[in-house]
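Report on the structure given below.
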Amino acid sequence: MLVLRQPDTREKVALLAESARFDLCGADEACAAAPSGKRVAEGLAQYLFQPAARVSTPLLKVLMTDSCRNDCLYCAFRAGMDRRRTAFEPEELAGAFVEMYRRGQASGLFLSSGLAGDPVRTMEAMLRTVEILRHRHRFPGYVHLKILPGATWGYLEAACRLADRVSVNLEAPNPSRLAAIAPGKEFHGELLDSLRRVAALRWQPGLLSFGSTTQFVVGAAGESDREILETVGRLYGEVNLTRAYYSAFRPLAGTPLEGHPPASPVRQRRLYQADALIRQYGFSPEEVPLDEAGNLVHSRDPKLEWALRHPERFPLEVNRASREDLLRVPGIGPRGAAALIKARRQGRLPGPEALRGLPVRLSRAAPFLLVNGRRAGVGVQGILDL
């Protein structure tokens, strides 16, 4: 009789950290895909994370288990896949992380998991792991916990008290799209309700200093960008979501969607840009420019596309423009708008030369601006291909 050797703890960390790459968690869309460059000799995976862009830390992303009872059509860990499964015990994973932490190999933890059998048991194991870190080892650093579908309200509240950030992955923008790719999950009863509960808990002092996030699998369910952006706009407004992440669908061998075309990386990038317009620049989802099919234009970023579709708004006089209007100019972000307003408090900006040295991308912004009545650029033709 053939007896397979069970992987040791070090091998489990390597295997389940590699498996965790599909969960996005960082300050930008590349977080889960880009190793920090500090891979240790043992091969343990680390990822650079910048929560709220305030600190940088090597973050260990790992699964509690890669076993899963769900049959999501796109997932490498779906039930029925012919693959060897492995799992941590809470003491084992906590000990492995503490060892990495003490060696300076990881200073933060993102803990996700497949849904092995009873979601309550799996969530309990994840919470127990973090409890050991917090209470026994006095770990003070960053922890991000994924909330599993079917987790009880009590466990959800415990996660919010133990972690600095939690995530509930919707994966699709509405119930019909989710049913097409993850028939075992409930959009409203499990996922969206969990985000609403997290939003209520965030009002309590000291909870979730880095908020809550969600993730969408882009292109697997045939959804339009309009569907995604409408849902995201509601989430930012109604459940105080901190960030949404977008993962371009890639077909995996052995899954029901292995013959489905992959989503374009450009589409993923444009969704992040459109998300920033809603989250940081004061755009409503309805204002984000789309084509007739309800999708973002791939040839230009959505802010430039919006400006080109609204020539009546430009050129904008820098000396009189509100912050809201400045944020509509391609090449001007929150820092640039603040710097322009600060500069003109010291006196009227005399001409385009006054923009030099400010945190503004003049190559993009200049064609849309006037400075003291003088054009800052000669037209938009030169930036259309940017």
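Bear in mind these aren't lab numbers, they're just calculated from the coordinates by the rules spelled out. All figures in this text were calculated on a predicted structure; none of them were measured in a lab. No Cβ is skipped: glycine too gets one built from the backbone with ideal geometry, and neighbour counts run over all protein chains shown.
At-a-glance table
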{"item": "Lone qualifier among A158, A180, A163 - being small (G, A, S) and under 22 Å from the mean Cα position of the chain (by Cα)", "result": "A163"}
{"item": "Region 297-322 - residue that is of a type outside the set (D, E) and surrounded by fewer than 14 Cβ atoms within 10 Å (Cβ to Cβ) and, of those, farthest from L277 (Cα to Cα)", "result": "R320"}
{"item": "Selection from region 159-201 of residues that are surrounded by fewer than 19 Cβ atoms within 10 Å (Cβ to Cβ), out of contact with any strand residue (DSSP E or B) (no Cβ under 8 Å at 6 or more places or on another chain) and aliphatic (A, V, I, L, M)", "result": "A179, A180, A200, L201"}
{"item": "R177, sole failed condition from (1) farther than 17 Å from Y272 by Cα; (2) in contact (Cβ under 8 Å) with a residue 60 or more places away in the chain", "result": "(2)"}
{"item": "All positions within region 137-149 that are within 22 Å of the chain's Cα centre (by Cα) and surrounded by fewer than 22 Cβ atoms within 10 Å (Cβ to Cβ)", "result": "G141, Y142, P149"}
{"item": "In region 255-310, the residues that are without any contact (Cβ under 8 Å) to a residue 24 or more places away in the chain and touching a Ser or Thr at 6+ places or on another chain (Cβ under 7 Å)", "result": "none"}
{"item": "Any hit, region 190-197, residues being without any contact (Cβ under 8 Å) to a residue 60 or more places away in the chain and within 28 Å of A293 (Cα to Cα)", "result": "yes"}
{"item": "Of residues in region 98-142 being of a type in the set (S, T, Y) and assigned to a loop (DSSP other than H, G, I, E, B), the one farthest from C160 (Cα to Cα)", "result": "S107"}
{"item": "Residue check for E286: acidic (D, E) and more than 29 Å from V232 (Cα to Cα)", "result": "no"}
{"item": "In region 290-330, the residues that are under 25 Å from the mean Cα position of the chain (by Cα), of a type in the set (K, R) and more than 24 Å from G222 (Cα to Cα)", "result": "K303, R328"}
{"item": "Scope region 251-281; condition exposed (fewer than 15 other Cβ atoms within 10 Å of the Cβ) and of a type in the set (S, T, N, Q); matching residues", "result": "S264, Q280"}
